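> Before anything else, here's the structure in question.
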Amino acid sequence: MTTGASSAGADAGTSAGLSNLLHEERRFPPSPEFAARAVAGPDLYERAAADRLGFWEEQARALRWERPWERVLDWQPPFAQWFVGGQLNVAVNCVDRHVEAGLGDRVAVHWEGEPGDTRTITYAQLKDDVCRATNALLELGVRKGDRVAIYLPMVPEAIVTMLACARLGAPHSVVFGGFSAEALRSRIDDAQAKLVVTSDGGYRRGKASALKPAVDEAVAQTPSVEHVLVVRRTGGEVAWTEGRDVWWDDVVPRQSAEHAAEAHDSEHPLYILYTSGTTGKPKGILHTSGGYLTQCAYTHRNVFDLQPETDVYWCTADIGWVTGHSYIVYGPLANGATQVVYEGTPDTPHKGRWWEIVQKYGVTILYTAPTAIRTCMKWGDDVPAQFDLSSLRVLGSVGEPINPEAWVWYRRTIGGDRTPVVDTWWQTETGAIMISPLPGVTATKPGSAQVALPGVVADVVDDTGASVPDGGGGYLVLREPWPSMLRTIWGDDQRYVDTYWSRFEAMYFAGDGAKKDEDGDLWLLGRVDDVMNVSGHRISTTEVESALVSHPKVAEAAVVGATDPTTGQGIVAFVILRGAAAEAAAEDAEAGEAVVQELRRHVAKEIGPIAKPRQVMVVAELPKTRSGKIMRRLLRDVAENRSLGDVTTLADPTVMNLIGQGLGSGS
Ligand code: 6R9
């Protein structure tokens with residue numbers, strides 16, 4: 001294989017590092033054997049270019065429609081409807097039709113609990129489980145159009161509940177189990193959910209951690225919720241509200257395993273998923289049925305070269321993120337794939353747990369995030385070396401830019417220098433993969449997501465919206481609507497228009513910086529707005545700032561994402577304390593340290609542990625422009641230990657000296 005020329009620098013994860021690496025010369029073309037039996041061929045690009053809408057229709061025909069569509073696309077910019085007039089049931093597509101095709105005995109899910117307990121669920125069993133859950137939701141009063149919040153660990157019931165909602169046409173809103181009671185409350189409230197499905201708890205890092213208390217706290221303030229359906233997972237004690245709370249075991253198993261599914265309109269809402277925007281209030285991204293499922297299934301098949309009869313696929317994401325929605329639930333199940341679902345963390349009970357799982361189930365396709373790859377790199381090559389990873393044949397990456405060094409390590413150490421690596425760019429809003437190599441077709445290039453998939457039209461434009469030439473940089477945009485695009489922000493069409501469609505005329509603004517290299521391949525450079533990316537999770541600076549200023553000791557706060565070798569970015573907060581707290585912290589280092597820890601815990605409680613700042617720096621002033629805007633750029637310089645950039649627009653250039661003095665109060 002061609003390994004040579006340029007090598008990845010230590011700073012490869014930073015934008016500056018990436019710019020240097022645009023001259024990456026390593027190429028990994030597919031082997032002739034791989035190409036010969038690959039799902040995708042080069043003709044896909046030609047067909048999509050010749051007739052884009054016809055190409056998407058061809059992809060939609062892979063699904064079962066109860067009524068055919070009349071029009072492929074109705075585009076009233078920026079509002080799209082796909083496969084208009086068509087009707088289908090998403091759950092039937094993901095489950096029943098495989099059983100009817102004689103594949104009922106195929107394993108849908110090899111589930112592995114963190115403590116080592118396992119469950120094997122065939123498509124036939126999954127169908128029965130989904131029907132029982134659907135009947136239970138009906139018994140609890142859920143009807144088509146009602147919203148259901150799901151706050152569960154990675155247990156099979158999470159998948160079953162999502163599909164039961166899809167079957168009924170009751171949009172789900174999955175809230176990541178690591179989010180706080182307050183985050184859950186605001187999401188339940190925004191969607192006016194009628195039912196919350198949760199569990200007593202789940203296993204993480206070798207311990208049972210409770211979930212139900214957060215639900216109790218949230219639901220005390222959300223009058224829309226009629227019932228809380230509780231899965232028993234850990235057997236831990238739970239507080240109980242009679243009449244409201246219901247055990248899963250008491251209502252679901254006794255239901256009929258038959259449910260006659262209704263066909264829903266192609267544009268019927270499938271789910272809402274909240275993601276951070278540039279303001280404190282998370283955006284409820286709305287996805288609908290036909291177009292979403294079409295693109296999930298198409299991308300899952302082609303990007304991962306899925307051969308459903310023989311592959312064992314594993315996506316390590318949590319179901320609370322969009323990757324779990326599209327590439328654990330909807331894409332793989334629509335394609336009749338066999339997959340592994342793992343409940344816990346990669347280092348429990350030992351650092352080789354993931355590789356042990358790959359060996360145990362003979363995983364052939366692995367889809368994970370750069371932050372996990374970099375963590376495994378840190379743990380050392382000898383960990384994966386203890387396991388047989390020869391079953392792997394395709395490796396995927398998602399969530400943030402993958403630096404070439406990590407890419408090459410992934411391919412070499414996990415993929416035995418044999419597997420294609422696909423770096424897939426997409427977002428909660430895009431619903432499915434948009435930019436990625438195709439294994440079997442593309443000669444891959446470490447660090448670059450390369451080109452838009454067939455059917456997708458991406459570009460990089462400058463400030464004025466003009467397309468940049470090869471070698472140029474700017475903003476990533478999408479020029480044409482795509483089937484799995486978000487339809488709006490739940491309850492806020494105007495915010496949808498403002499956020500995505502107002503920056504440039506007639507183009508979707510993704511919020512990411514990007515470059516085109518000399519071959520025209522795309523390099524994603526991270527967010528250009530105030531959204532941080534921590535371990536592949538989107539967290540807005542404003543959200544963390546709001547959490548900080550909600551603490552009585554904080555007068556003002558500014559938050560930046562600083563480059564972090566493992567998590568991509570780390571959260572660094574600069575805070576000005578209020579009078580007495582400020583005096584105490586200034587006089588006594590221990591008091592200063594105590595307040596720093598208190599604030600870190602406070603943010604974790606308000607938003608969730610993923611938002612806990614890596615560092616909190618107590619400062620006397622914040623750098624502001626004359627118009628009062630905080631200059632985050634300068635704070636980033638401080639957080640990343642760089643010398644300061646241009647300070648001439650500061651209202652008071654001396655504040656940076658004051659900030660320098662405050663740096664003793666790190667965490
Ligand atoms: C799927 C998902 C979306 C943001 C996106 C971008 C970053 C995702 C990436 C990537 C570079 C990749 N991102 N994949 N950056 N290369 N392959 O992650 O959705 O949680 O909504 O995040 O993540 O910044 O805008 P979401």
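The numbers here are math on the coordinates, done by the rules we state, and not lab data. Predicted model only: the values in this text are computed from it and were never measured. Positions of Cβ are backbone-derived with ideal geometry, glycine not excepted, and every protein chain shown enters the neighbour counts.
> Would you mind checking the pairs 212/283; 281/612; 553/605 and listing those with alpha carbons more than 22 angstrom apart? Before the final figure, lay out each step's value.
Values: 212/283 24 Å; 281/612 18 Å; 553/605 16 Å.
Violating the 22 Å Cα-Cα cut-off are 212/283.
> Can I ask one more? Out of the trypsin sites (Lys or Arg not before Pro) in the stretch 29-127, which ones are loop residues according to DSSP with at most 13 other C-beta atoms within 10 Å? Before the final figure, lay out each step's value.
Details: sites: 37, 47, 52, 61, 64, 71, 97, 106, 119, 127; in loops: 37, 61, 64, 106.
Sites meeting the loop and neighbour criteria: 37, 61.
> Give, in whole angstrom and from largest to smallest, the semi-axes √(5λ) of the equivalent ellipsoid of the stretch 32-162, with λ running over the eigenvalues of the Cα gyration tensor.
Details: eigenvalues 204, 118, 44 Å².
Those come to 32, 24, 15 Å.
> In Å, what is the Rg of the alpha-carbon atoms in the stretch 534-632, and how long is Dmax?
Final numbers for Rg and Dmax: 13.3, 39 Å.
> How fast does the stretch 410-466 diffuse by Stokes-Einstein, in µm²/s, taking the Kirkwood radius from C-alpha pairs at 4 °C and 1.567 mPa s? Let's see the in-between values first.
Working: Rh = 12.9 Å.
Result for D is 100 µm²/s.
> I need to check one value: relative contact order of the stretch 535-662, counting alpha carbon pairs closer than 8 Å and at least 6 residues apart, in percent.
Working: 194 pairs, mean separation 29.6, N = 128.
Averaging sequence separation for qualifying contacts and normalising by length gives 23 percent for the stretch 535-662.
> Suppose R0 equals 35 Å; then what is the FRET efficiency for residue 76 and residue 27 from their Cβ-Cβ distance, rounded to the nearest 0.05? Intermediate values should be presented prior to the final figure.
Details: r = 43 Å, r/R0 = 1.22.
Computed FRET efficiency for residue 76 and residue 27: 0.25.
> Calculate the FRET efficiency for residue 49 and residue 594 from the Cβ-Cβ distance with a Förster distance of 56 Å, rounded to the nearest 0.05.
Values: r = 62 Å, r/R0 = 1.10.
Here the calculated transfer efficiency is 0.35.
> Let me know the charge dipole size of the chain about its Cα centre in debye, to the nearest 20, where only the beta-carbon of Lys, Arg (+1) and Asp, Glu (-1) is charged. Display every interim value, and only then the final one.
Values: 64 positive and 86 negative charges, 63 e Å.
Value, rounded to 20: 300 debye.
> Taking a quarter of the surface of the convex hull around the Cα atoms of the stretch 200-274, what do you get in nm²?
Details: hull surface 31.8 nm².
The Cα convex hull of the stretch 200-274, projected and averaged over all directions, gives 7.9 nm².
> Take each of the peptides 244-256, 445-457, 549-561, average the number of other beta-carbon atoms within 10 Å over its residues, and list them starting from the highest. Before the final figure, lay out the partial values.
On the way: 244-256: 15.5, 445-457: 23.8, 549-561: 19.5.
Highest-to-lowest ranking by the protection proxy: 445-457, 549-561, 244-256.
> May I pose another question? Place the peptides 575-584, 296-305, 415-424, 477-486 in order of packing, highest mean first, counting for every residue the other Cβ atoms within 10 Å and averaging per peptide. Working shown, then result.
Details: 575-584: 17.2, 296-305: 26.2, 415-424: 20.5, 477-486: 22.4.
For the peptides 575-584, 296-305, 415-424, 477-486, the packing ranking is 296-305, 477-486, 415-424, 575-584.
> Something else: What value, in deg cm²/dmol to 500, does the helix sum -39500 (n - 2.57) over DSSP H runs of n ≥ 4 give at 222 nm once divided by the residues of the chain? Could you put the intermediate results ahead of the total?
On the way: 21 runs with 188 residues, N = 667.
After summing the helix terms and dividing by residue count, I get -8000 deg cm²/dmol.
> Something else now. Which value does Rg/Rh take for the stretch 288-379 over its C-alpha atoms, Rh per Kirkwood? Provide the component values of the computation, followed by the final result.
Values: Rg = 13.7 Å, Rh = 13.8 Å.
For the stretch 288-379, the value is 0.99.
> Please give the Cα centre distance for the stretch 362-384 versus the stretch 396-474, rounded to the nearest Å.
Rounded to whole Å, the Cα centres lie 19 Å apart.
> Given 526, 611, 563, which one lies farthest toward the positive end of the charge dipole of the stretch 489-615, if we put +1 on the Cβ of every Lys and Arg and -1 on the Cβ of every Asp and Glu?
My answer, from the dipole projection, is 611.
> Could you please tell me the mean projected area of the C-alpha convex hull for the chain, averaged over all directions and given in square nanometres to one decimal? Walk me through the numbers before you get to the answer.
On the way: hull surface 115.2 nm².
For the Cα atoms of the chain, the hull's average projected area reads 28.8 nm².
> Still on this structure, please answer the following. Between 391, 420, 369, whose Cα lies farthest towards the positive end of the dipole of the chain when Lys and Arg beta carbons carry +1 and Asp and Glu beta carbons carry -1, centred on the Cα centre?
Farthest towards the positive end: 391.
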